[in-house]
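K.L.:
Below is one structure. I have some questions about it.
The values are calculated or read from the model by the stated rules, or taken from the named source; none is laboratory data. Since this is a predicted model, take the numbers as computed values, not measurements. Neighbour counts are summed over all protein chains in view; Cβ atoms, including those assigned to glycine, are modelled from backbone coordinates with ideal geometry. Surface accessibility is based on the protein's heavy atoms, side chains included, excluding ligands, DNA and RNA. Shrake-Rupley method; radii C 1.70, N 1.55, O 1.52, S 1.80 Å.
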Amino acid sequence: MTAFTLYTVETAPEAARAQLAGIEKAWTFIPNLHRTLAESPVTLQAYDTLFGLVGQSSFTPAEQQVAFLAINVANECEYCTAGHSVLAKMAGVTPDVVEALRESSPVADARLEALRHFVERVVAERGFAGDAAVEAFLAAGFTRAQVLEVVLIVATKTISNYVNHLTHTPLDAFMAPTKWTAPRNRSHAA
């Protein structure tokens, strides 16, 4: 396994230092994902920019977290599933919804279930979700703009999920209580 460096502001490549400093200021620490991404300053900047743009989308913070979690679970990203489980609770997503998302189970709230289902279809079908899926999403009260904003969220999580798969990013301390094991790793963990 190739080891990747967890950079600090001081040890990161010069082009990543200001970005890491801004992340540390905003979060009060630098998540291990960002510390890993600093290896490629342009990839760090892309991820951080996209993540910020999701915050400007028309989805509520809770809906953003539902979409993030659904994607993380679909992509079996243990790091992001653990992290967004915490962020989802901070955004007001109820524990039962977080647990349902973590287990790819239906969500009792019809609107959030429609979001979960649509996001999972977009990921599983690599964008070819089909007209019926788009129509069902719109019928649940979402907008055409939000169809496209789902693509933004998928793009954001594709960067982080794939980076974590390739680099084996270690969990941050705040994620320990929400550790999640991907289905492909559950037989190994038993």
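K.L.:
Dividing the convex hull volume of the alpha carbon atoms of the range 61-130 by its residue count, what do you get in Å³ per residue?
P.N.:
Taking the convex hull of the Cα positions in the range 61-130, it is 74 Å³ per residue.
K.L.:
Using only the alpha-carbon atoms, what does the range 106-169 span along each of its principal axes? Please give whole angstrom values in decreasing order.
P.N.:
Cα spread of the range 106-169 along its principal axes, largest to smallest: 40, 24, 18 Å.
K.L.:
Can you sort Lys89, Lys157 by solvent-accessible area, 1.4 Å probe, largest first?
P.N.:
Most to least solvent-accessible, the answer reads Lys89, Lys157.
K.L.:
I'd like to know which of Pro13, Met90, Val123 lies farthest towards the positive end of the charge dipole of the range 1-133, counting +1 on Cβ of Lys and Arg and -1 on Cβ of Asp and Glu.
P.N.:
Ranked along the dipole, the leading option is Pro13.
K.L.:
Taking K and R as +1 and D and E as -1, what net charge do the other residues with C-beta under 13 Å from the C-beta of Gly141 add up to?
P.N.:
-2
K.L.:
While we're on this one: With every protein chain kept in the model, how would you rank Ser187, Ser85 by accessible area, 1.4 Å probe, largest at the top?
P.N.:
On the way: Ser187 90, Ser85 0 Å².
Result, largest first: Ser187, Ser85.
K.L.:
Over the chain, what percent of the accessible surface lies on carbon and sulfur atoms, probe 1.4 Å?
P.N.:
On the way: 5650 of 9610 Å².
Of all accessible area on the chain, carbon and sulfur atoms account for 59 percent.
K.L.:
From the phi angles alone, apply the Karplus equation (6.51, -1.76, 1.60; θ = phi - 60°) to the range 118-130 and give each ³J(HN,Hα) in whole Hz, x where the residue is Gly or Pro.
P.N.:
Result, ordered by residue: 5, 4, 4, 5, 4, 5, 4, 9, 6, x, 7, 5, x Hz.
K.L.:
Can I ask one more? Calculate I(q)/I(0) for the range 1-92 by the Debye formula, one identical point scatterer on each C-alpha and no solvent, and give its log10 at q = 0.10, 0.13, 0.22, 0.26 Å⁻¹ to two decimals.
P.N.:
The computed values of log10 I(q)/I(0) come out as -0.28, -0.48, -1.19, -1.34.
K.L.:
Could I get the Rg over Rh figure for the chain? Both from C-alpha atoms, Rh via Kirkwood, rounded to two places.
P.N.:
Checking Rg against Rh, the ratio lands at 0.97.
K.L.:
Which net charge results for the neighbourhood of Thr178, defined as the other residues with beta-carbon distances under 11 angstrom from its beta-carbon, given Lys and Arg at +1 and Asp and Glu at -1?
P.N.:
Neighbour charge sum, excluding Thr178 itself: 0.
K.L.:
A further question follows. Could you work out which residue, out of Pro177, Pro106, Pro31, moves most in a Gaussian network model of the chain, that is, has the largest mean-square fluctuation with Cα springs under 10 Å?
P.N.:
The residue that fluctuates most here is Pro177.
K.L.:
Something else about it: Taking Cα atoms, how many degrees apart are the long axis of helix 41-54 and the longest axis of the chain, rounded to 10 and kept between 0 and 90?
P.N.:
Between helix and principal axis, roughly 30 degrees.
K.L.:
Which GluC sites (Glu not before Pro) in the range 114-190 sit in a loop by DSSP (not H, G, I, E or B) and have at most 12 other Cβ atoms within 10 Å of their own Cβ?
P.N.:
The qualifying sites are Glu125.
K.L.:
Just to confirm, what accessible area per residue do you get for the range 1-142 at 1.4 Å probe, in whole Å²?
P.N.:
Heavy-atom SASA per residue in the range 1-142 reads 48 Å².
K.L.:
Same structure again: Reachable lysines from Lys179, Cα under 20 Å, same-chain residues fewer than 8 places away excluded?
P.N.:
Answer for Lys179, where 20 Å is the Cα cut-off: Lys89, Lys157, listed by chain and number.
K.L.:
For Thr5, what accessible area in Å² do you get when you roll a 1.4 Å probe over the heavy atoms of the protein chains, rounding to the nearest 10?
P.N.:
Estimated to the nearest 10 Å², Thr5 gives 70 Å².
K.L.:
In square angstrom, rounded to the nearest 10, how much accessible surface does Asp131 have for a 1.4 Å probe?
P.N.:
Roll a 1.4 Å probe over it and Asp131 shows about 130 Å².
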